[in-house]
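**Q** Got a structure here, written out as C-alpha cells. Questions coming.
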Amino acid sequence: MDNQQSCIIFPLKLLFLYATEIRHRIHSLHHTTDALNVKQDSHVCASPTPIFVYENRKLAPDTLVHSYRSFNGFVVRLTKEESERMKGLDDVVSVIPNRVHSIQTSSSWGFLGFPENVERTKEESNTIVGVLDTGIWPNSSSFSDEGFGPPPQKWKGTCLNFTCNNKIIGAKYFRLGGEFAQEDMISPTDTIGHGSHCASTAAGNHVSNANLLGLGLGTARGGVPSARIAVYKVCWTNGCEAADILAGFDAAIMDGVDIISLSVGYGEVIHVEYFKDVFAVGAFHAMKRGILTSQAAGNSGPNLYTMPNLAPWITSVAASTIDRKFLTNLQLGDGRIFQGISVNTFSPAQKSYPLIYGGDAPAAGFSSSTSRFCDENSLDGAMVRGKIVLCDGFSSSPYVGFASGAAGLIFTDQFVAEVFALPAISITASDGKSVFSYLKSTRYKTFLQSIKDHTLVMYNFVQFNPAATIFKTHEGKDSSAPYIAPFSSRGPNKVTPNILKPDIAAPGVDILAAWSPISPISGVKGETRVTNFKIASGTSMACPHVSAAAAYVKSFHPNWSPAAIKSTLMTTATPMNPALDVDAEFAYGAGQLNPLKAVNPGLVYDAGEYDYISFLCAEGYGSRALRRITGDNSTCTSENTGSVFNLNLPSFALSTPRSSDNNVTFGRTVTNVGSATSTYKAIITAHPSSLNVQVLPSVLAFSSLGERLSFTLKIEGSINADLVSFSLIWDDGTFKARSPIVVYVP
C-alpha cells in the first residue's frame with residue numbers, strides 16, 4: 001500500500017487547488033516536470049478527466065475529484081506532504097483545505113412594510129434566485145408551479161436526480177468527497193429542512209393557513225413569489241464542505257442565476273484572509289458575472305469581532321427581530337408564573353411535574369458541572385424521568401435530545417425561541433435564580449415545635465416536593481422590535497478594520513417558512529411530529545430576506561451591478577436604535593432592510609472588479625495572492641493600487657487609537673439613478689464636537705441619469721469613546737441616500 005492509498009483509506013482532507021489559467025495553459029503545466037502536470041489530449045474542453053502527474057509520478061486515478069468551470073480550479077486528494085509541496089509551485093497559486101462549514105439556522109415581510117400587493121414587474125418571473133443550502137422539498141406548496149410559464153430563455157441549468165417544475169427550474173447536488181450519512185438522500189431533495197425554509201423565505205409562493213402545529217397561523221410567502229428558484233445542495237447531515245460550496249458557486253454562475261443566497265458560513269469564529277476564504281473566492285467570481293451574493297453574518301454573537309464573512313463584495317446580513325414573539329409560561333408549585341420564550345407545541349398532560357436541578361442528577365460518567373447544562377446523556381434517566389429539569393444557561397435542541405426522559409426543560413438564558421423534542425422554556429437569568437431558590441428552599445420545610453413543659457425545643461423536618469408546569473406557547477407582541485438578536489454575529493471587521501461589517505440587518509427571529517416533513521422539527525432523531533412549515537431563527541433566516549430584496553430590485557433594474565444593488569439596499573435601510581443595540585452599526589450595519597424604498601434610491605455607490613482589485617492591491621496583496629481570488633493574470637501596479645478609504649462603498653469606517661488625532665479623507669463617487677435633473681445636499685447628522693467632518697463638495701448637481709459625480713468626506717480629530725457613529729445623507733428633497741459613518745477604537 002503506497003502513501004496515497006494509505007491516505008485515501010484514512011480520512012483525507014480534500015484540497016481546492018486554484019491554478020493560474022489551468023484550462024488555457026495546460027501545455028505549460030505539462031512541460032513543468034517539477035510541478036503538478038495535467039495531461040490531456042488536444043481536445044482540452046472535451047476531456048472530463050485529466051491525468052495527474054506529480055514529480056514524474058502518476059497519481060491514483062481517483063486523485064482528481066472535481067474540476068470547476070467558471071473559475072480555474074479543481075479538487076484533488078493529496079497527502080499532507082504533497083499539499084505542502086504544492087503551495088510552493090509556480091503554477092499553483094492557492095491550496096485551500098476542504099473545511100466543513102455549517103448552515104446558519106411569515107409576518108416578517110409585512111413587518112418590513114412590504115405587502116404582497118406591492119408594485120411588481122414582469123421581469124420578476126425572469127429573475128432566478130440560486131440557493132446554496134441543504135436542497136429543497138419539491139412537494140411543498142411553497143414551490144408549486146401553478147400559474148408559472150416556462151423558465152426564462154437565459155436559463156442554462158438542469159436538474160440532477162430530481163424532477164423540476166416551472167418554479168424550481170434547476171436542482172443539483174454536490175458531495176465531491178463521496179461520503180454520505182445514513183440520513184442523506186443522494187439528490188437535491190432536502191432531508192434537513194433548512195434549504196426549504198430559506199428558499200421559501202426568498203421566493204416561495206403565497207400559502208394560506210401556514211402554521212407550525214397551530215403556532216404562527218397566517219400566510220407564508222417569499223419576498224419575490226414570482227421569481228424562479230435554482231437549488232444547489234452543498235450541505236448534508238455532516239455539514240457543508242468547502243469543495244462542495246465552490247462547486248455550487250461554479251454551477252450557479254454557469255447556469256445563469258441572478259442572485260446567490262448563501263445561509264452557510266463558518267461554524268466557528270474565524271477570520272480568514274480573502275484569498276483563503278472559500279466564500280470570498282466564490283462570491284468574487286459571481287460578482288464578475290454580475291451576480292450578487294447575500295450571505296448570513298453568522299450565529300456567534302453577541303460579542304464583538306465574531307463575524308467571519310468580511311469580503312466587501314459580499315452582502316453580509318445580520319438577524320433582527322420582528323414584532324411577533326412566541327411566549328411560554330412557567331408556573332411553579334407555589335403559584336408564581338414566569339414568562340419565557342420557546343416554540344413549545346406540547347400541552348401539559350398533568351397539573352404539575354416534580355422539579356429537579358440538572359446539576360443534582362448527573363448520569364454515570366458525568367459530573368454535576370456537565371449535567372447542569374442538561375446536555376444529551378449527561379442526566380441520570382432514573383432521577384429525571386417524568387420531571388422538569390432546571391438547566392444552567394442554554395443548549396440548543398440537538399444537544400439535549402430527549403434529555404434522558406425528562407418531562408421538560410427550563411433554561412436560564414433567554415437566547416432564542418427554539419423547538420425542542422420535549423416541553424421547554426427559556427427564562428431570564430434573573431428568573432432562573434428565583435426558580436433555583438424556590439427549588440432549593442422547598443426541598444425541606446423547617447418547623448419549630450415546643451414541648452409542653454417549654455423546656456425542650458425540637459426541629460421537625462418535613463419534606464415538600466418542588467413542582468413546575470410548562471404551558472403551550474402562545475403568540476405575543478414585541479413592541480421594541482426591531483433590534484438585533486443576541487446570536488447574530490458582530491463586527492468590527494477583523495481582516496479590513498476600515499470596512500464596516502455587517503452590511504445590513506433583516507428579520508431572522510421566529511420566521512415561519514417551508515420545511516421538509518421528513519426532517520425532525522426539533523433536529524432530534526426519533527422526533528415524531530410532522531409539519532410542512534417551521535418557525536426558525538438565525539442569520540440563515542435573515543439572509544434570504546436580503547436575497548429576495550436584491551432580486552426585487554434587479555427585477556426593476558436588470559442591468560444594475562451587484563455593488564449598485566448592495567448600495568441601494570444599504571442607503572435606503574431604516575435606521576435602527578442604538579439604545580437597543582449597544583454595538584450599533586457593528587450589530588446592524590446600515591440598518592433594517594426596506595425593500596420597498598430600495599427600488600428608488602436616488603443615488604448609488606457603484607463598484608466593479610477593477611475597484612476590488614485596486615482595494616486588494618492597496619491592502620498589500622501581491623500579484624500572487626491577488627490571483628488566488630481573481631483566478632486570472634491580474635497584477636498590482638502603481639496605476640491600480642488604490643486605498644481602502646477610496647473603495648466605493650455606501651458606508652464609512654475608521655479604526656483609530658483612543659484620543660489619537662486623525663486626518664483621514666474618504667473618496668466616493670455616486671451615480672444618479674433618481675431624477676434626471678437634481679441637486680443633492682450633504683447632511684451630516686449629530687456627532688461629537690471632538691470630530692470635524694466635512695463633505696466636499698457639499699452640493700452635487702446632476703443634469704442627467706447615469707451621471708457620476710465624486711466627493712470626499714474628511715474626518716479630523718479624535719474620540720474618547722469606544723464607538724462613535726453618525727450618518728451622511730444626500731438629500732434632493734425627493735430621495736435620501738443615507739450612509740453610516742463609524743469611528744471606533746479597536
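The values are calculated or read from the model by the stated rules, or taken from the named source; none is laboratory data. Computed from a predicted model, the values in this text were never measured in an experiment. Positions of Cβ are generated from backbone atoms using ideal geometry, with glycine treated the same way; all protein chains shown enter the neighbour counts. For the accessible areas, the whole protein counts, side chains as well, though only heavy atoms, and no ligand, DNA or RNA atoms are used. Shrake-Rupley method; radii C 1.70, N 1.55, O 1.52, S 1.80 Å.
**Q** Scan region 563-596 residue by residue and report those that are within 18 Å of the chain's Cα centre (by Cα) and either more than 23 Å from Asp731 (Cα to Cα) or surrounded by fewer than 19 Cβ atoms within 10 Å (Cβ to Cβ) (or both).
**A** Within region 563-596, Phe586, Ala587 meet the criteria.
**Q** Counting just the residues of region 635-665 that are open to solvent by less than 20 Å² (accessible area, probe 1.4 Å) and among the hydroxyl-bearing types (Ser, Thr, Tyr), which one comes out nearest to Phe702 (Cα to Cα)?
**A** The residue in question is Ser651.
**Q** May I ask you to say which residue of Ser200, Ser261, Ser187, Ser226 is polar (S, T, N, Q), touching a Phe, Trp or Tyr at 6+ places or on another chain (Cβ under 9 Å) and surrounded by 24 or more Cβ atoms within 10 Å (Cβ to Cβ)?
**A** Residue meeting the stated conditions: Ser200.
**Q** Determine which member of the set Asn329, Asn309, Asn344 is under 30 Å from Lys276 (Cβ atoms) and either at pLDDT below 95 or touching a strand residue (DSSP E or B) at 6+ places or on another chain (Cβ under 7 Å) (or both).
**A** That would be Asn309, the only listed residue that is under 30 Å from Lys276 (Cβ atoms) and either at pLDDT below 95 or touching a strand residue (DSSP E or B) at 6+ places or on another chain (Cβ under 7 Å) (or both).
**Q** Shifting gears a bit: Do you know which residues across region 509-552 are among the acidic types (Asp, Glu) and open to solvent by less than 10 Å² (accessible area, probe 1.4 Å)?
**A** Asp510
**Q** When only residues in region 516-557 that are small (Gly, Ala, Ser) and assigned to a loop (DSSP other than H, G, I, E, B) count, which is nearest to the chain's Cα centre (by Cα)? Working first, answer last.
**A** So in region 516-557, the residues small (Gly, Ala, Ser) come out as 516, 519, 522-523, 526, 536-538, 540, 542, 547-551, 555.
Now drop any that are not assigned to a loop (DSSP other than H, G, I, E, B), which leaves 516, 519, 522-523, 526, 537-538.
Working: Ser516: 20, Ser519: 21, Ser522: 20, Gly523: 19, Gly526: 28, Ser537: 11, Gly538: 7 Å.
Top of the filtered list is Gly538.
**Q** Can we say Ser675 is touching a helix residue (DSSP H, G or I) at 6+ places or on another chain (Cβ under 8 Å) and either part of a loop (DSSP other than H, G, I, E, B) or surrounded by 14 or more Cβ atoms within 10 Å (Cβ to Cβ) (or both)?
**A** no
**Q** Please state which one of Asp258, Asp323, Asp244 is touching a strand residue (DSSP E or B) at 6+ places or on another chain (Cβ under 9 Å) and farther than 25 Å from Ala505 by Cβ. Give the derivation first.
**A** Working: Asp258 fails: farther than 25 Å from Ala505 by Cβ; Asp323 fails: farther than 25 Å from Ala505 by Cβ.
Criteria check complete, one pass: Asp244.
**Q** Here's another thing I want to ask about it. Mind checking which strands (runs of 3 or more DSSP E) fall wholly inside region 683-746 and carry at least 3 residues that are over 33 Å from the mean Cα position of the chain (by Cα)?
**A** Ranges flagged: 691-696, 699-702, 708-717.
**Q** Take Arg668 and tell me if it is open to solvent by 40 Å² or more (accessible area, probe 1.4 Å) and either part of a loop (DSSP other than H, G, I, E, B) or not acidic (Asp, Glu) (or both). Write out each step before concluding.
**A** Values: open to solvent by 40 Å² or more (accessible area, probe 1.4 Å): no; either part of a loop (DSSP other than H, G, I, E, B) or not acidic (Asp, Glu) (or both): yes.
Judged against the criteria, Arg668 is not a match.
Every residue, every condition in (1) at pLDDT 95 or above; (2) crowded, with 22+ Cβ neighbours inside 10 Å; (3) of a type in the set (D, E, K, R), yes or no:
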position: Thr428; (1), (2), (3): yes, no, no
position: Thr446; (1), (2), (3): no, no, no
position: Ala467; (1), (2), (3): yes, no, no
position: Lys494; (1), (2), (3): yes, no, yes
position: Asn498; (1), (2), (3): yes, no, no
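**Q** Now for a separate question. Please verify whether Arg490 is assigned to a loop (DSSP other than H, G, I, E, B), at negative phi and crowded, with 24+ Cβ neighbours inside 10 Å, treating the condition exactly as stated.
**A** When the stated conditions are applied, Arg490 passes them.
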